[in-house]
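The values are calculated or read from the model by the stated rules, or taken from the named source; none is laboratory data. What you see is a predicted model; the values in this text were computed from it and never measured. A quick note on method: Cβ atoms are made from the backbone with ideal geometry, for glycine too, and the neighbour counts reach across all protein chains shown.
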Amino acid sequence: MNYGFVKVASAIPSLKVADCSYNIQQIESLIVQAEGKGVEIICFPELCISGYTCQDLFGQQLLLEKCEESLFKLLDFTRSLQIISIVGMPIMVGSMLMNCAVVVQGGKILGVVPKTYLPNYKEFYEKRWFAPATAINETQVHLCAQTVTFGRNLLFHTQKTCFGIEICEDLWAPVPPSSELAMKGAEIIFNLSATNELISKHQYLLTLISQQSARCIAGYVYSSCGFGESTQDLVFAGNALIYENGSLIAQSKRFCLEEQMVISEIDTERLLTERRHNTTFGDNTRLIDSNDRVDIQCQTVNPVYNFELTRWINPHPFVPRGNALTERCEEIFAIQTEALAKRIVHTNARSIVVGISGGLDSTLALLVCVKAMDMLQRPRKEVIGITMPGFGTTDRTYNNAMSLMKSLDITIKEISIKESCIRHFLDINHDINVHDITYENAQARERTQVLMDVANQCNGFVVGTGDLSELALGWCTYNADHMSNYGVNGSIPKTLVKYLVKWVAMTSVDEQSKETLLDIIETPISPELIPADENGEIKQKTEDLVGPYELHDFFLYNFLRLGFRPAKILYLAEQAFIKQTYPEAPEDGMPVGTYDEETIQKWLKTFCRRFFTQQFKRSCLPDGPKVGSVSLSPRGDWRMPSDASSADWLADLEG
């Protein structure tokens, strides 16, 4: 299975202006290469058969005849090929010359799409030679001895997707044709273009394509002519670009003297999921008259090649790299801080209480509390940090907790839970040497009771520390660390928590706090509810029990954000963690773990099972700020019956 991926190509052939025979040979060569790589649809630049800069030569009958002869050659050449090719050429329609895209497959012309908007300003004067699509009413054209469907509203259907076409300036219009094509069902837009280079124009073009593909929730394949087209005052650098819902997934080099072709896969299943979730998109489709659409069925493509995914699959979808990571940390921390400040002001709280374990989550929550007090210009002493040593607390986490609270200058309380838990075990007749779920959860609930009661004493409220990844797995004790008055970390995945803490360490604290924070980042993740080993080291490591968080966050993003089935998530995880090769991780980047297929499948099964069985905890979460597109809040982001069966999801994974 290819799980909805459509392999597409954007090609920039070598070109000689007005030399149709040469141009069609170059086009055919790239088509063969693309077919050999399993490409299903390939797009070429605007007027690629003749050349875009022919100018008044477009008025020469010989040039028009050579274009049609070349198209005849292409039809004969593709007779035994399954690939769909989209090429550009001038075509006479009645008494008018049209700038058109021609769709070819298996020796037949499937349809012809004329350019709607003709630029006629500054260096462009297309209206000198061409008529716009709106100037004619013809729905058929005679071309290469075929009667062919013609129009700007054509939708081409393969067994895997539906696509539409616009040409160059169409994209720059206030309402591009692609907007209507997407509303009518096109999942991929192909653009044949001839865009010359000017200072800053390229960046504007990238923004334009990104925004249009995002607005249409579509794939966008853009091909613009290159070196061979440059003449007189115009320079063409060549742009082969492939976007998906706003994200660039493949691009060519600029100012390259050689032919180029970029290949990638557009995930139409993801696009349809996004459209289904986006009710505004659905509302807009009802404003479009779909009666004027023309549906064209492409030939069935029988797979000849084993499908191979070539696009990059991000193993850490929550964690960007480089400057983007710094910007994300800054923005998330600001959201958390302002949200908590608002809750403090609204409740008129005299203090806020947070349990400090020396682990990542409680550290991030404490940093948010301190920053909120600074923002409100209130003393940090109104933050009450409570460390509650238990049977599994190690010296490392205890010392880090105490050191951080001291260096941040908050109010410190140390309340051991050992004696109260021992008393509780006696009350319920539980053997303290049996380290089972009762032994663990009793400690977690005792800590929460302490926090809540101290908050009452101090006229404050408890700030929760649990993160998004723990909520997804249900890795929290019901009515213990699961509960608080306000959970500042509830929308932040575990893989991002450490970078937030590191960002604060490097930008916002004193040297002592920085040193402590960096050690906390390196400390193994653990609830510390089981006694330490003989060396006093952490014995109970969370990722040994429920699996690596980098895998679970990958599963969570693809399951929740994109709605993918487990089998597809497994397929993508294998691509991301096994098949892809990685450059050395940058200093601010997360190194990628090494796994085999069996390990990934094991932890994905754990994720599916726990995600379904632990919904009851998510159904009664406390308030907390939403910071990203993935959230499990029952107040809008994720509503799921607590008793839903996971049988079909687990079966899909097994299959």
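Residue 569 meets each of the listed conditions (1) surrounded by fewer than 22 Cβ atoms within 10 Å (Cβ to Cβ); (2) more than 24 Å from residue 360 (Cα to Cα); (3) in contact (Cβ under 8 Å) with a residue 24 or more places away in the chain apart from (1). Residues that are among the aliphatic types (A, V, I, L, M), over 26 Å from residue 446 (Cβ atoms) and at pLDDT 95 or above are absent from the range 379-396. When each of 515, 543 is tested for being within 29 Å of residue 435 (Cα to Cα) and assigned by TED's automatic domain parsing to the domain that holds residue 433, the lone residue that passes is 543. If a residue has to be crowded, with 20+ Cβ neighbours inside 10 Å and under 18 Å from residue 26 (Cβ atoms) to count, how many in the range 76-89 make the cut? So the answer is 7. Checking residue 402 against (1) closer than 25 Å to residue 461 by Cβ; (2) touching a Phe, Trp or Tyr at 6+ places or on another chain (Cβ under 8 Å), which test does it fail? Going through (1) closer than 25 Å to residue 461 by Cβ; (2) touching a Phe, Trp or Tyr at 6+ places or on another chain (Cβ under 8 Å) one by one, residue 402 breaks only (2). Within the range 594-641, the set of residues being part of a loop (DSSP other than H, G, I, E, B), free of Cβ contacts under 8 Å to residues at least 60 places away in the same chain and not hydrophobic (A, V, I, L, M, F, W, C) comprises 594, 595, 596, 619, 634, 635, 636, 637, 639, 641.
Selection of the range 130-178 for residues being in a loop (DSSP other than H, G, I, E, B) and aromatic (Phe, Trp, Tyr) yields only 130.
Cβ-Cβ contacts under 6 Å between residues 6 or more apart (or on different chains), taken from a first residue in the range 35-57 that is farther than 15 Å from residue 86 by Cβ and in contact (Cβ under 8 Å) with a residue 60 or more places away in the chain to a second residue that is surrounded by 24 or more Cβ atoms within 10 Å (Cβ to Cβ) and of a type in the set (Asp, Glu), are listed as 52/46; 52/229; 53/229. Out of all the residues in the range 51-66, which are among the small types (Gly, Ala, Ser) and crowded, with 24+ Cβ neighbours inside 10 Å? Across the range 51-66, the qualifying residue is only 51. Summed over the range 189-214, residues that are crowded, with 19+ Cβ neighbours inside 10 Å, touching a helix residue (DSSP H, G or I) at 6+ places or on another chain (Cβ under 8 Å) and within 13 Å of residue 241 (Cβ to Cβ) total 6.
Residues are listed down the side, and each one gets a yes or a no for (1) assigned to a helix (DSSP H, G or I); (2) without any contact (Cβ under 8 Å) to a residue 12 or more places away in the chain:
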{"site": "180", "(1), (2)": "yes, no"}
{"site": "191", "(1), (2)": "no, no"}
{"site": "195", "(1), (2)": "no, no"}
{"site": "208", "(1), (2)": "yes, no"}
{"site": "273", "(1), (2)": "yes, no"}
{"site": "291", "(1), (2)": "yes, yes"}
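Among the residues of the range 198-209, which ones are more than 18 Å from residue 265 (Cβ to Cβ) and within 19 Å of the chain's Cα centre (by Cα)? Within the range 198-209, 206, 207, 208 meet the criteria. The sole residue among 498, 514, 568 that is within 27 Å of the chain's Cα centre (by Cα), part of a helix (DSSP H, G or I) and farther than 30 Å from residue 650 by Cβ is 498. Quick one: would you say residue 516 is crowded, with 20+ Cβ neighbours inside 10 Å and at negative phi? Spelling it out, residue 516 is indeed crowded, with 20+ Cβ neighbours inside 10 Å and at negative phi.
Residue 532 falls short on exactly one of the conditions (1) surrounded by fewer than 16 Cβ atoms within 10 Å (Cβ to Cβ); (2) closer than 24 Å to residue 447 by Cα; (3) small (Gly, Ala, Ser), and that condition is (1). The set of residues in the range 230-262 being within 29 Å of residue 54 (Cβ to Cβ) and of a type in the set (A, V, I, L, M) consists of 234, 235, 237, 240, 241, 242, 257, 261, 262.
From the list 359, 322, 392, the lone residue that is farther than 21 Å from residue 627 by Cβ and not aromatic (Phe, Trp, Tyr) is 392. Residues that are assigned to a helix (DSSP H, G or I), among the hydroxyl-bearing types (Ser, Thr, Tyr) and either closer than 27 Å to residue 571 by Cβ or outside the structural domain of residue 185 (by TED's automatic domain parsing) (or both) do occur in the range 327-344. For residues that are in contact with an Asp or Glu (Cβ under 8 Å, 6 or more places away or on another chain) and either modelled with pLDDT under 95 or among the charged types (D, E, K, R) (or both), scanning just the range 94-118, find the one that is nearest to residue 52 (Cα to Cα). Looking at the filtered set, the residue picked out is 115. Select from the range 67-89 the residues that are in a loop (DSSP other than H, G, I, E, B) and closer than 17 Å to residue 11 by Cα and write down the one among them that is nearest to the chain's Cα centre (by Cα). Only one residue tops the list, namely 83.
The rows are residues; the columns are (1) without any contact (Cβ under 8 Å) to a residue 12 or more places away in the chain; (2) over 20 Å from residue 521 (Cα atoms); (3) basic (Lys, Arg).
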position	(1), (2), (3)
347	no, yes, no
354	no, no, no
366	no, no, no
374	yes, yes, no
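Counting only residues that are part of a helix (DSSP H, G or I) and free of Cβ contacts under 8 Å to residues at least 40 places away in the same chain, the range 535-565 holds 3 of them. Of all residues in the range 1-35, which are of a type in the set (S, T, N, Q), within 21 Å of residue 189 (Cβ to Cβ) and crowded, with 21+ Cβ neighbours inside 10 Å? 10 - this is the single residue of the range 1-35 that is of a type in the set (S, T, N, Q), within 21 Å of residue 189 (Cβ to Cβ) and crowded, with 21+ Cβ neighbours inside 10 Å.
Would it be correct to say that residue 92 is in a strand (DSSP E or B) and within 21 Å of residue 196 (Cα to Cα)? Spelling it out, it is not the case that residue 92 is in a strand (DSSP E or B) and within 21 Å of residue 196 (Cα to Cα). The requirement of being in a strand (DSSP E or B) and either among the acidic types (Asp, Glu) or at pLDDT below 95 (or both) is not satisfied by residue 123. Here residue 181 fits the description: farther than 19 Å from residue 93 by Cβ and touching a strand residue (DSSP E or B) at 6+ places or on another chain (Cβ under 6 Å). Within the set 504, 509, the sole residue that is surrounded by 15 or more Cβ atoms within 10 Å (Cβ to Cβ), in contact with a helix residue (DSSP H, G or I) (Cβ under 8 Å, 6 or more places away or on another chain) and not in a loop (DSSP other than H, G, I, E, B) turns out to be 504.
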